[in-house]
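Structure first, commentary second.
The values are calculated or read from the model by the stated rules, or taken from the named source; none is laboratory data. This is a predicted model, so every value here is computed, not measured. In this analysis, Cβ positions are derived from the backbone assuming ideal geometry, glycine residues included, and neighbour counts consider all displayed protein chains. What goes into the accessible areas is simple: the full protein's heavy atoms, side chains included, and nothing from ligands, DNA or RNA. Shrake-Rupley method; radii C 1.70, N 1.55, O 1.52, S 1.80 Å.
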Amino acid sequence: MYLKKSKSIGASSPLNGIGKQDWNSRRKRKVGEISQALSVTPVDVAALRRMAISEGGLLTDEIRCRVWPKLLNVNTDDLPEKLAEGLRENHKDYHQVLLDVRRSLRRFPPGMPDDQREGLQEELIDIILHVLDRNPQLYYYQGYHDIVVTFLLVLGERLATVLVEKLSTHHLRDFMDPTMDNTKHILNYLMPIIERVNPEVHDFMQQAEVGTIFALSWLITWFGHVLSDFRHVVRLYDFFLACHPLMPIYFAAVIVLYREEEVLECECDMASVHHLLSQIPQDLPYEMLISRAGDLFVQFPPSELAREATQQHSQQTAASTFKDFELASAQQRPDSVLRRRRKEQAALAEQAQAQAMVVARPRAKRLIRLAVMGLTVALGAAALAVVNTALEWAPKLDLQFFP
Amino acid sequence: MESSLELTTSLPGTCLPPPRSRIFKIIVIGDSGVGKTCLTYRFCAGKFPDKTEATIGVDFREKVIEIDGEKIKVQLWDTAGQERFRKSMVQHYYRNVHAVVFVYDVTNAASFRSLPAWIEECRQHSLGQEVPRILVGNKCDLRDAVQVGTDPAQKFADSHSMPLFETSAKNPDDNDHVEAIFMTVAHKLKSQKPLMLSQPLGGEGFMPMRKSEEEEEKGVLACSC
């Protein structure tokens, strides 16, 4: 019951011809639900998170302009005026940023006139330097520009600036330390996730000593660096913006697991496996993989994996600041917190049950878990748990089973 | 990326036996933007890439070449230039390396001044003088913008017992030249490692060459252009 076997679930993707009618009506309904969630006061952020995760994500860039700020709890009423001039030459990262942005041609839509693209590249440099200048604790990394360009293309310069700043101090915080030790630590979650779902693939990769660097650019650019179709990139951004900061590593694991057969057929050495995995297929069934990643997050929350991800978290990781962030955005609608808590309790009970079944027989763990969780946790229900889980209740869960 | 996870490995015997053709693993390092990706792409694909982007982490390219009737796989590991990546990310890829290519940009003096730091980086990863190393000055086609002349570069190369090549990954006239650089390294590896294992096993398979051999050949590969 490994991931690959259930590939056909992906057939219901919006791009599939059959069921197009059906998708159109669901899409229309979804647009209505999003408008509804946006129109209430305060905004129903929990519903927006569900929309961002569920099939098709936020659908259009117009909707993204309205919803992404809510997902990041950014107030769009007082956007900054024109960005400060004269930051450029003085900034320590100026040359690196310039170098990376000037050669990031592929991130812009094919067919865009050169002068328009060049204008956007200048804005991109401005946004990056603005955020870095205001947050001296943050360090630029190659790949940060791949994230910022996505926000720029969807939101325009002013809105992108405030959202990127928020994202940089939260979801991306760990990647922006002076060193990449925390990034490396997050990559250490990858193999434990893979092991739980498919020990054979895990063992093969360990034997090949492939390491995890093949997934580095996936993680620190939220796949913006490796996916050529912009629609896929923004769809994933919907998902990641609505989720825990570690979700990209679950998504990375899901991609590896989806390619199980290719991996196992590969020559078992570092170069071959690295080469295979770092070439990401462009026709992945994104909706199915997103839902899988959500499932895996619920089944194997970060707190459960932390003991295996070797280095210990410092208190400053994004994973630890996420709780505060989540609470702050939830306060836009206090009653939703209560509703959510109740659902969490339900999800918790369900998971506890699943775990209880497997604790006694660890070798059968993966199979039972996938069967139980795969059937019972539909993505819609999982979404709430995905968004809110790990940090609040998972540690307690751990204590329960691992005294 | 070594971690205790990797110590918990795995079922022995699940892997295929090592391939019979020999593999030469070469790591390419140097500052951001000096053209490491273009050089490796040029060698492996035979042309200059249209658009290259920042390398994040490590990219891998390979090419099968033939020397004296023997097929050899040349694996090039193209690394990110930004300093933060080399500190904690790239070291995994220094393992079992057979040769190192240092790259600087002849139009960027800072990239030349960084070379001692890159050499130190190698030393810290236990890649000493016994591992063949070459120095490549890239972007020679930009004649009007040259900041690093051949003389100081040659001096530097000599002082570190490395041959120097000045080239351009872009200029089509230099196509053979890029090819020639990597072929030279491959020839050197082949002649010095007649008994090298086809595939380094479990990290212990690499046998460093004797130092004396390396020193005898010092400077032999140098070329002027």
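Those residues that are away from every other protein chain (no Cβ under 14 Å) and outside any helix (DSSP H, G or I), I need them from the range A:275-294; list them, please.
Going through the range A:275-294, the residues away from every other protein chain (no Cβ under 14 Å) turn out to be A:281-294.
Matches in the range A:275-294: A:Pro281, A:Gln282, A:Asp283, A:Leu284, A:Pro285.
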Study note, to complete from the structure: Only one of (1) modelled with pLDDT under 95; (2) in contact with a Gly (Cβ under 9 Å, 6 or more places away or on another chain) does not apply to A:Thr150, and that is (1)
Review point. Do we find a residue being open to solvent by 10 Å² or more (accessible area, probe 1.4 Å) and within 14 Å of chain B (Cβ to nearest Cβ) anywhere in the range A:295-306?
Key: yes
Study note, to complete from the structure: Residue hits (the range A:121-163; under 16 Å from A:Asp100 (Cα atoms) and open to solvent by 30 Å² or more (accessible area, probe 1.4 Å)) are A:Glu122, A:Glu123, A:Asp126, A:Tyr139
Review point. Hey, among the residues in the range A:164-185 that are open to solvent by less than 10 Å² (accessible area, probe 1.4 Å) and β-branched (Val, Ile, Thr), which one's nearest to the other protein chains (Cβ to nearest Cβ)?
Key: A:Thr183
Check your understanding: Restricting the search to the range B:49-68, which residues are of a type in the set (Gly, Ala, Ser) and either under 17 Å from A:Leu276 (Cα atoms) or at pLDDT below 90 (or both)?
Key -> B:Gly57
**Study point:** B:Phe165 farther than 16 Å from B:Thr37 by Cα and touching a Cys at 6+ places or on another chain (Cβ under 7 Å)
**Key:** yes
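Can you work out which of the residues in the range B:73-91 that are of a type outside the set (Ser, Thr, Tyr) and more than 9 Å from chain A (Cβ to nearest Cβ) is most open to solvent (accessible area, probe 1.4 Å)?
Looking only at the range B:73-91, we keep the residues that are of a type outside the set (Ser, Thr, Tyr), and these are B:73-78, B:80-87, B:89-91.
Now restrict to residues that are more than 9 Å from chain A (Cβ to nearest Cβ): B:74, B:76, B:78, B:83, B:86, B:91.
On the way: B:Val74: 0, B:Leu76: 1, B:Asp78: 0, B:Glu83: 97, B:Arg86: 30, B:Gln91: 44 Å².
Of everything passing the filter in the range B:73-91, B:Glu83 is most open to solvent (accessible area, probe 1.4 Å).
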Revision key, fill the gap. Within the range A:193-207, of all residues that are in contact (Cβ under 8 Å) with a residue 40 or more places away in the chain and within 7 Å of chain B (Cβ to nearest Cβ), the one least open to solvent (accessible area, probe 1.4 Å) is A:Phe204
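Name the single residue, out of those in the range B:49-68 being open to solvent by less than 40 Å² (accessible area, probe 1.4 Å) and not in a loop (DSSP other than H, G, I, E, B), that is nearest to B:Arg86 (Cα to Cα). Write out each step before concluding.
Here is the first cut: in the range B:49-68, the residues open to solvent by less than 40 Å² (accessible area, probe 1.4 Å) are B:49, B:52-58, B:60, B:65, B:67.
Checking which are not in a loop (DSSP other than H, G, I, E, B) leaves us with B:58, B:60, B:65, B:67.
Numbers: B:Val58: 10, B:Phe60: 16, B:Ile65: 29, B:Ile67: 33 Å.
Filtering first and then ranking leaves B:Val58.
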Check your understanding: Can you tell me which residues in the range B:60-89 are touching a residue at least 60 places away in the same chain (Cβ under 8 Å) and in contact with a Ser or Thr (Cβ under 7 Å, 6 or more places away or on another chain)?
Key -> B:Ile72, B:Leu76
Review point. Of all residues in the range A:50-82, which are of a type in the set (A, V, I, L, M) and crowded, with 16+ Cβ neighbours inside 10 Å?
Key: A:Met51, A:Ala52, A:Ile53, A:Leu58, A:Leu59, A:Ile63, A:Val67, A:Leu71, A:Leu72, A:Val74
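Each row is one residue, and each column tells you yes or no for (1) closer than 13 Å to B:Glu62 by Cα; (2) more than 10 Å from chain A (Cβ to nearest Cβ); (3) modelled with pLDDT of 95 or more; (4) assigned to a loop (DSSP other than H, G, I, E, B).
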| position | (1), (2), (3), (4) |
| --- | --- |
| B:Met1 | no, no, no, yes |
| B:Leu5 | no, no, no, no |
| B:Leu11 | no, no, no, yes |
| B:Pro19 | no, no, no, yes |
| B:Ile23 | yes, no, no, no |
| B:Ser32 | no, no, yes, yes |
| B:Lys47 | no, yes, no, yes |
Review point. Within the range A:111-157, which residues are within 13 Å of chain B (Cβ to nearest Cβ), farther than 19 Å from A:Phe230 by Cα and either among the hydroxyl-bearing types (Ser, Thr, Tyr) or touching a Leu at 6+ places or on another chain (Cβ under 8 Å) (or both)?
Key: A:Leu138, A:Tyr139, A:Tyr140, A:Tyr141
Exercise for review: Restricting attention to the range A:219-259, report how many residues are of a type in the set (Asp, Glu) and either open to solvent by less than 10 Å² (accessible area, probe 1.4 Å) or within 14 Å of chain B (Cβ to nearest Cβ) (or both).
Suggested key: 1
**Study point:** Leading residue by the ranking (nearest to the other protein chains (Cβ to nearest Cβ)) among those in the range B:92-106 that are over 14 Å from the mean Cα position of the chain (by Cα) and outside any loop (DSSP other than H, G, I, E, B)
**Key:** B:His92
Review point. Is it true that A:Leu216 is touching a residue at least 12 places away in the same chain (Cβ under 8 Å), open to solvent by 20 Å² or more (accessible area, probe 1.4 Å) and in contact with a helix residue (DSSP H, G or I) (Cβ under 8 Å, 6 or more places away or on another chain)?
Key: no
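A:Ile213: within 14 Å of chain B (Cβ to nearest Cβ) and under 15 Å from B:Gly57 (Cβ atoms), yes or no? Walk me through it before giving the result.
Values: within 14 Å of chain B (Cβ to nearest Cβ): yes; under 15 Å from B:Gly57 (Cβ atoms): yes.
So A:Ile213 fits the description; yes.
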